[in-house]
Amino acid sequence: MSKRFALLGIFATAVLQILWHGFLLPPERMPVTVVLGLALLPIAPAVILAIFRRPSAIFWGGVASLLYFCHSIAELWTTPAVWPLALLELGLSLWIIFCGNWAGIEAKLLKRKKSESA
């Protein structure tokens with residue numbers, strides 16, 4: 001179940017980047033296609049792998065989410081006008097990381113619970 005949520009977060013991040021940099025706040029000094037290409041570059045491998053149903057898509061989505069996490073924090077600190085979009089990007093990046101690692105977190109919690117009850 002958490003894998004599906006992670007994949008949903010990967011696609012939502014790609015859509016957010018398209019909406020943010022393509023329609024809601026297009027760049028003033030650079031071509032939109034260049035900015036969209038740069039904005040989608042980190043998440044593109046995860047999207048492509050997810051389309052082909054490869055299990056490594058979640059890993060690469062998590063790696064890309066670390067970059068989007070840093071980008072959203074920088075935008076929150078420097079550009080107050082885009083804080084709703086930056087907060088959404090922050091939430092999506094945390095969502096992907098958390099959902100992608102949920103199986104490991106759950107296994108560790110179950111292992112700890114078994115060792116406490118024994």
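Take the Cα of Leu19, step 7 Å toward its Cβ, do the same at Lys3, and the gap between the two points is 2.8 nm. Adding -39500 (n - 2.57) for every DSSP H run of four residues or longer, then dividing by how many residues the chain holds, sets the calculated 222 nm ellipticity at -25500 deg cm²/dmol.
With all protein chains in place and a 1.4 Å probe, the accessible surface of the stretch 11-89 carries 77 percent carbon and sulfur.
Phi-derived couplings, Karplus 6.51 cos²θ - 1.76 cosθ + 1.60 at θ = phi - 60°, listed residue by residue for the stretch 48-60: 4, 5, 5, 4, 8, 6, 8, x, 6, 4, 5, 4, 5 Hz, with x used for Gly and Pro.
Could you give the accessible area per residue of the stretch 60-118, probe 1.4 Å, as a whole number in Å²?
Values: 4090 Å² over 59 residues.
For the stretch 60-118, the per-residue accessible area is 69 Å².
Using θ = phi - 60° in the Karplus curve 6.51 cos²θ - 1.76 cosθ + 1.60, the 3J(HN,Hα) couplings for the stretch 20-35 round to 5, 8, x, 10, 6, 9, x, x, 8, 10, 10, x, 4, 5, 5, 5 Hz; x is entered for Gly and Pro. Computed extension gain for Met30 through Lys114, at 0.36 nm per residue and net of the alpha carbon distance, reaches 24.6 nm. Given a 10 angstrom Cα cut-off, can you work out which residue in Leu40, Leu49, Leu90 is the most mobile in a GNM of the chain? Result for the chain, Cα springs under 10 Å: Leu49 fluctuates most.
Once the gyration tensor of the Cα atoms in the stretch 45-111 is diagonalised, the equivalent ellipsoid follows with semi-axes of 26, 16, 8 Å, ordered largest first. The GluC sites (Glu not before Pro) of the stretch 27-110 meeting both criteria, a DSSP state outside H, G, I, E and B (loop) and at most 13 other C-beta atoms within 10 angstrom of the site's C-beta, are Glu28.
The values are calculated or read from the model by the stated rules, or taken from the named source; none is laboratory data. Just so it is clear, the model here is predicted, and its values are computed rather than measured. We place every Cβ from the backbone using ideal geometry, glycine too, and count neighbours over all the protein chains shown. What goes into the accessible areas is simple: the full protein's heavy atoms, side chains included, and nothing from ligands, DNA or RNA. Shrake-Rupley method; radii C 1.70, N 1.55, O 1.52, S 1.80 Å.
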